[in-house]
Amino acid sequence: MEEQEIITTLKILIIGESGVGKSSLLLRFTEDTFDPEQAATIGVDFKVKTLTVEGNKTKLAIWDTAGQERFRTLTPSYYRGAQGVILVYDVSSKQSFNKLDAWLNELETFSTKHDMVKMLVGNKIDRANHEVTKDEGLKFARKHHMLFIEASAKTNDGVQCAFEELVEKIIQTPGLWETSSKNLTLSNHGPEGQGQSCYCVL
Amino acid sequence: MSTAVEKEKRLMSSKRISTIEDEADVFEITDFTTASDWERFIARLEEILHEWKLVNHEPRAPAMKDLYATGTWAERTEEVVFADFRFTFTYYFLKINEVTASNVNSKKEEVEELDEDHKTPTVFFDLMNFENDFPSRSHFLCRWYGLQEFFTLTPVSEKQLIEGESKTKLLLSSASIAFGNSNCSIPVFIQLQQKWRKLFTGTSLVRGASIEFEMSHLRRLPSQFCHLAGLLDVFKSKLGCVYISMPPVSVSVRFTYILKDWFHSAWPQMPPDFTSICDGEVGYGDINILPFGACSDPISELHLSCTWPCLSEDMIVENSLYSDLDPLQAPQWTVSLQMADDLSCLLGEFLRDFLKLCDRLESTDEVLKKVSAENDGDKNAEISHALQRLTEPVPALSSIPSLGNVMSSASSRIKLKPEEAPIPEAILDKILYFLFPDARVPRSHSGGRLPTKNKRKESIVSTASESLTSSASEHATDEERKPDEEKIADALAELNKQLKSAPIESLTHKLSLALCNVNKNFGGLLGVAHLWQEFILEMRFRWENKHLISGIEKGTPNMGSCLLHQKLQMLNCCIECKIKRESVGYGYGPDSQNIYDQSLEDMKDLPDGLSAKEMKRLSKTASLLNSSDDDEEFFECHENDEGEGAGGGEDDVDAGEKRNGDEFVTSNSLEVTGVKPEGQDNDKHTRGAKKSASENSSEKSVFLDSFTHRPEGRLVAMKNVFLLSTGEQLFIPVTQEPSPMTEDMLEEHAEVLAKLGSSAEGSQIRARMQSACLVSDMESFKAANPGCFLEDFVRWYSPRDYVIDSEDGQTNDEMVGDSSDVEQNAGSCVARRGHLSQRMQIPGNMWVEAWQSAKPVPARRQKRLFDDTKEAEKVLHYLASMKPAEVVLHLMPCVVHAAIAKLINEAVEARVPNVKNIIDKVIANAAKVTRNFPLDKKKYFDLLRQLEIAESVTARTTSLRSKFTNDPLSTPEQEGKEEEIESFVTALLSQGEVLVKGGACGPAGANIHKMFIAAQRASNMILDDEETVDELADKTNPISHQDRINHLKRTIQNLPSPSSDVRSSSSCSDFPAPSSREYILRAMVPRPAPYSKVLPQRMYCILGEGENRLAGAFTSDSTFQ
């Protein structure tokens, strides 16, 4: 299994309002650490990680973007060719949740793959003062045909699961990605969540 | 025979694991060591039958009506060996889709046949099944014997033939043994003789009976057998018993007539006149039009089959003297079409020729050099020029329209001697005006490349322009008339969305069409290279002379369009930028607002802003620009600038006043005198700061600066937000827009970023690389808000990083980091309301760092983030270095786009059945291919193939429809039946064989009848007397299309209608001799002895030219013989 070939490279985007913890989620996923002093991203940042989902080893090229309004003239150009997107909001900030529609709009405008897999992540659930309930998140995800999970980069809740779920979904979407070799073991996990949201429960 | 079977059964018993029958000798030792080739062959056949699960299998239900033609057939193949003779063993069978239906059927049968010992085997049903006589498409064995499942055993090699009685018998008996052992009643056929003869012999073992399938294939049949009576004799004698009590043989007959000549309707497609572009009569609007359609009639033959299904032999007579079988009386008419095989389609060929250029490796220069005047002096000049280019410092080359550049364009223009140029000058002009319609309008600037050239050809151009507009308007009205307008519009909209090409009226689009046309009509590759060179010259001309490229939409490059289009958009951005930059001095009007206004406004103070006005200072400005790469020198340059052109400075202020309104006015007077030295001050301060090791001191100096300078470059006030230090209104500054990028630039950029890797250092460098924009914004902000802090900036830029405190007083304790120090020093009273988020306070983070290094400089005096000069030169270089092959490939998306648009229009207009489906498929494939990068010419060839198929389908539709709905055919009695004919035509296009409703009497049938009559009369040279001369003249030198139609109309209208007595009036029959006659004879007759069981017997006969075949299936009782 160790020597298994990488079947494909997937481009994943992380977007969302500034300060919702996009970079922290990425850091938690790639290096399994949490840095409370994570600097605000300038422009875009980039990390690579290989992930084995259902026996398929994939290389993830993850693009982390700055959430600031001003950077938004710059960052969407990196949306091109992404197969998956993680849209993050902060459960302790209603405002970051309310902006989700705008983000989806932007995604619609600039992404090149229209069947890209979208995942909604409600971050910072370790915090006490929740302004957005899980139900609201679920509703939004269902409405926009997204995957949904609540997570915390700080306590490492749901982070790994979120990325794995996203990758699995991409692998299951035919035509979304190109295989680099043939030894693909596609699980027959089925299209149970096809076209609608499916949830991973914490 | 039976003993052999017994022996074999024993031999094989151990092999048959699944179905051990009631044989007790399981424990007997069996010996395969001496098995012969023959035994092994049989064993292998049995093994395959087991593998395919065809042993003991349930009989199938009789096939339903027309299922043979409409159902799906499948086959399975294995290879078997008999000694050194290899065979392919194939099982053909009709797939049963409706599982439920067949289940119901078989259940019924079970109920019916429970009393009997066995069920009727499939093959018996098939032989007597009347529902699938003459299927329109199926395996020939199926057609001849009416079987829904059978095996064939054919030699693999073409050279090995099965000839001779003994070989045949050996194989047949081997097969019988294998099938008998497996209890499989499916017929098996063995191919004899050469493959093309399709000669088979076969057998089938049914419980209690066996069927022999025999066949004879003759070039010529004795004349006494060439009719039904003779064939009946053959059939009866074959049955071997002539009884008085023999039941009548049932007969199905089909006669097929072929119509090859369409005398009443000429092929309607007029080949486009490719020469029209040359003679100047038709305008260059032609460039816009792609050819479409087939060169020849795509429908070569119409086959009319007249069928008499299952008659009793007593009811019809056909012998050598008399025939009851009059096609007009046939109860069933079916029609099928034979399409022309190697149909050449205009559009397909046109595009293919263009795409073929991709294989040419020559560069544009190489192509053109071949024809260029081989003048020594010229050559030298060329070389020296090239050298000069190499040695020229890059920035200078890329900055200013120097005289050298202009000369180079001029010289390369001359390179082709007019008489050697592949595109004649007049036509080249037309094409260029087609591409750049705005060139016709005299430009305000003197340097119009096209207008100067054109003066002597004014008249031509004006006529050409008229024709263009007229053709355009015609086109528009055409569109309005179309009933399927909506359909077309939908499809076109879909097309625009799906393809990665360029908008339909864009320059890129036009260029692709023009190059296509040039390739076809003016020298192929050479012509393409020529036009491409002209195009590049025009591009450079426009850049250097600041004319926006017409037909390219403004704005940042649209990544949804093809790369070449993006490049042109980029160039347009650069030109626009340059215009704004250089025309500021003239008081550029505010009416030309667009997204670059800001950045241009920002740049109006740039030193080279003056260059537009004072051409003599060109060189100086160039040097200024070069140096502007370096920040330090930037302001020194500015000093220079100020000294020289104070007037220019004034103008700047005026322009600024107009734009920015009130807040600018207040500081206007100070702007010129006060601010610029201030800039210098700043500069000195920062330089000083950089030298000093202490961060704190630099911070302070910046802070001091920020207090002393005047606010500049304010865009708009931010509502209810005030500076923390002074309590003044916070202003959002005018900022530089990020540079437009084409997709390849972006990719390059992303790649560079990605290459830095995942490490923390990588991230750091990445952030630094992208911080130019942030620093620029910070500088603008500082300039607009004197005395501001990072906190102020953050409140505008990243509001979530400014945390509003719930309670006053506690803020200061929480604050850490450099910036808070400053804040406390300055005005802590205002700062209490909030603090920076934790991450903004990290010592040495990029934001703080950038803030400290940022000087208060308004956007318009900052270093340009977007260097239009550099980018424009990059684009121009990119274009110039493209080989014709690359140009072709890069334009393919547009070409395909145009072709599909054409196809949609034509196909919808031609009312191609299932048009939506066809078009959708083409679009889906095109979307995939055009989005693929790098561009793959092989995929484009495939795409063109698909387009060609769609084109030929359209051509067929047009052809067929015109044949059936042509004017000469319409008679008063036909009126009101158009709909029926219409549906008939549609069916004919989508199905293989179509039943003619009402046979000869129906509207479609009547039309077909007329066609045959016309063809017959023409082929027999029966002419109406007064028209003889015309007709002959017609044949020798064809006159115009319309005349011909009129003539035919007269001819056909003179014909008697089919209902009247035709045959009596003319000397020939309405129909030619049938091309083939098919008979199926069936009977239930006991065989071989009169006391045998009554069993199905069948014989199929086809009589045609060079193909006479009798195929009989004769069943004999194996019990009572």
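Would you point out the residue of region B:153-166, among those that are among the aliphatic types (A, V, I, L, M) and crowded, with 18+ Cβ neighbours inside 10 Å, that is nearest to B:Phe85 (Cα to Cα)? Restricting to residues being among the aliphatic types (A, V, I, L, M) and crowded, with 18+ Cβ neighbours inside 10 Å, the top hit is B:Ile162.
Residues are listed down the side, and each one gets a yes or a no for (1) modelled with pLDDT under 80; (2) within 45 Å of the chain's Cα centre (by Cα); (3) exposed (fewer than 12 other Cβ atoms within 10 Å of the Cβ):
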{"position": "B:Thr33", "(1), (2), (3)": "yes, no, yes"}
{"position": "B:Ala43", "(1), (2), (3)": "no, no, no"}
{"position": "B:Glu47", "(1), (2), (3)": "no, no, no"}
{"position": "B:Pro62", "(1), (2), (3)": "yes, yes, no"}
{"position": "B:Tyr68", "(1), (2), (3)": "yes, yes, no"}
{"position": "B:Glu78", "(1), (2), (3)": "no, yes, no"}
{"position": "B:Tyr91", "(1), (2), (3)": "no, yes, no"}
{"position": "B:Ala101", "(1), (2), (3)": "yes, yes, no"}
{"position": "B:Ser106", "(1), (2), (3)": "yes, no, no"}
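Going by the conditions given, is B:Ala850 modelled with pLDDT of 80 or more and within 12 Å of chain A (Cβ to nearest Cβ)? Judged against the criteria, B:Ala850 is a match.
Applying the criterion of being more than 10 Å from chain A (Cβ to nearest Cβ) and touching a residue at least 60 places away in the same chain (Cβ under 8 Å) to the residues of region B:789-802, the residue that is nearest to the chain's Cα centre (by Cα) is B:Arg795.
Counting only residues that are among the hydroxyl-bearing types (Ser, Thr, Tyr) and free of Cβ contacts under 8 Å to residues at least 12 places away in the same chain, which one in region B:734-779 is surrounded by the most Cβ atoms within 10 Å (Cβ to Cβ)?
Filtering region B:734-779 for residues among the hydroxyl-bearing types (Ser, Thr, Tyr) gives B:735, B:739, B:742, B:758-759, B:763, B:771, B:776.
In the following step, the residues that additionally are free of Cβ contacts under 8 Å to residues at least 12 places away in the same chain were identified as B:758-759, B:763.
Working: B:Ser758: 17, B:Ser759: 10, B:Ser763: 23.
Looking at residues that are among the hydroxyl-bearing types (Ser, Thr, Tyr) and free of Cβ contacts under 8 Å to residues at least 12 places away in the same chain, I get B:Ser763.
So that you can scan it fast, the table gives a plain yes or no per residue for (1) in contact (Cβ under 8 Å) with a residue 12 or more places away in the chain; (2) touching a helix residue (DSSP H, G or I) at 6+ places or on another chain (Cβ under 8 Å); (3) under 20 Å from B:Ser36 (Cα atoms):
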| site | (1), (2), (3) |
| --- | --- |
| B:Ser138 | yes, yes, no |
| B:Leu141 | yes, no, no |
| B:Tyr145 | yes, yes, no |
| B:Thr154 | yes, yes, no |
| B:Leu161 | yes, no, no |
| B:Lys167 | no, no, yes |
| B:Leu171 | yes, no, yes |
| B:Ala175 | yes, yes, yes |
| B:Phe179 | yes, yes, yes |
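Could you tell me whether any residue of region B:131-152 is buried (at least 22 other Cβ atoms within 10 Å of the Cβ) and either hydroxyl-bearing (Ser, Thr, Tyr) or more than 30 Å from B:Gln332 (Cα to Cα) (or both)? Yes - at least one qualifying residue is present in region B:131-152. When the strands (runs of 3 or more DSSP E) confined to region B:174-220 are screened for residues that are closer than 12 Å to B:Leu153 by Cβ and of a type in the set (A, V, I, L, M), those reaching at least 2 such residues are found at B:188-192. Residues that are within 23 Å of A:Ile12 (Cα to Cα) and without any contact (Cβ under 8 Å) to a residue 40 or more places away in the chain were ranked within region A:112-138; the one that is surrounded by the fewest Cβ atoms within 10 Å (Cβ to Cβ) is A:His114.
Selection over region B:288-306 of residues that are closer than 30 Å to B:Asp324 by Cα and either acidic (Asp, Glu) or assigned to a loop (DSSP other than H, G, I, E, B) (or both) gives a count of 1. Screening B:Ser265 on (1) in a loop (DSSP other than H, G, I, E, B); (2) of a type in the set (S, T, N, Q); (3) at pLDDT 80 or above shows it passes everything except condition (3).
Against the definition (at pLDDT below 75, outside any loop (DSSP other than H, G, I, E, B) and under 23 Å from B:Pro121 (Cβ atoms)), how does B:Ala74 come out, yes or no?
Details: at pLDDT below 75: no; outside any loop (DSSP other than H, G, I, E, B): yes; under 23 Å from B:Pro121 (Cβ atoms): yes.
So B:Ala74 fails the test.
Screening A:Val44 with (1) surrounded by 18 or more Cβ atoms within 10 Å (Cβ to Cβ); (2) more than 10 Å from chain B (Cβ to nearest Cβ); (3) farther than 21 Å from A:Glu165 by Cβ gives one miss only, at (2). Looking at region A:21-38, can you tell me whether even one residue there is away from every other protein chain (no Cβ under 11 Å), on the phi > 0 side of the Ramachandran plot and not polar (S, T, N, Q)? Yes, the conditions are met somewhere in region A:21-38.
Within region A:14-24, is even one residue part of a helix (DSSP H, G or I) and over 24 Å from B:Glu849 (Cβ atoms)? Within region A:14-24, not a single residue is part of a helix (DSSP H, G or I) and over 24 Å from B:Glu849 (Cβ atoms). Taking every residue in region B:833-845 that is more than 9 Å from chain A (Cβ to nearest Cβ) and pairing it with any residue that is loosely packed, with under 15 Cβ neighbours inside 10 Å and assigned to a strand (DSSP E or B), at least 6 positions away or on another chain, the pairs with Cβ-Cβ distances below 6 Å are B:Gly834/B:Ile804. Considered as a group, the residues in region B:909-954 that are hydrophobic (A, V, I, L, M, F, W, C) and not in a helix (DSSP H, G or I) include one that is surrounded by the most Cβ atoms within 10 Å (Cβ to Cβ), and that residue is B:Val912. Scanning region B:740-788 for residues that are part of a loop (DSSP other than H, G, I, E, B) and more than 7 Å from chain A (Cβ to nearest Cβ) yields a count of 9.
The values are calculated or read from the model by the stated rules, or taken from the named source; none is laboratory data. This is a predicted model, so every value here is computed, not measured. For neighbour counting, all protein chains shown are included, and Cβ atoms are generated from backbone atoms with ideal geometry for every residue, glycine included.
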